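Notes to accompany the following structure.
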């Protein structure tokens, strides 16, 4: 018992009674405090008292239906989000593919233009080199075979119309004997005169008549050949090269 708790008072036995034992003494009500007297059936009532209701009661039909609706809404939201995401991804892929295709197409077109321009420059460079080589070959050929001028004169005379009169063939003075010997038959057949002309470069021929002129000079024939090859490179004379 705690030190400060009030103890039981000994009450003397009533006069004429036997002295009672401690266990048989009378206890006043004020000392009983919160103690209550025992009544029959108290144990049964205490045992039959209902237990307190749990804080969270078991889910009823309404809760189950609400949970089912929440689960269905979540599933529907997931499906809608997945569908919208898939559609957005496909749209992005198509847009990206279109942009990439356009960019690649523009890049290829640029390459084609650059290659075409490069091909043109290469073709012009090749043609220019070819014409330069042809000039060197032709000069070497004229120097090695100067009698070729007679063949040029014969072809020029034969190209004049048969009705032409007063035919005059002009060649370089140094080519005069070569043409006189090599083109003698053509000159006689057309009644043409052979005349020297220092203005005509060696290897070239000019045929004049009453119906027109045939320019068979090297520079003229060269310009025609260069035009057919798509280049305007002129014939370079010995004077222009110097």
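The values are calculated or read from the model by the stated rules, or taken from the named source; none is laboratory data. The model shown is predicted, which means the values in this text are computed figures rather than measured ones. When we count neighbours, we look across all protein chains shown, and the Cβ atoms used for this are built from the backbone with ideal geometry, even at glycine.
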Exercise. Which condition number in (1) out of contact with any helix residue (DSSP H, G or I) (no Cβ under 7 Å at 6 or more places or on another chain); (2) surrounded by 12 or more Cβ atoms within 10 Å (Cβ to Cβ) is the one that residue 150 fails?
Worked result: (1)
Exercise. Residues 114, 75, 99, 124: which one is assigned to a helix (DSSP H, G or I), more than 30 Å from residue 227 (Cβ to Cβ) and either under 38 Å from the mean Cα position of the chain (by Cα) or in the same structural domain as residue 226 (by TED's automatic domain parsing) (or both)?
Worked result: 99
Exercise. Which ranges mark the helices (runs of 4 or more DSSP H) fully within region 140-242 that have 1 or more residues being more than 30 Å from residue 126 (Cβ to Cβ) and without any contact (Cβ under 8 Å) to a residue 60 or more places away in the chain?
Worked result: 148-158, 176-182, 184-190
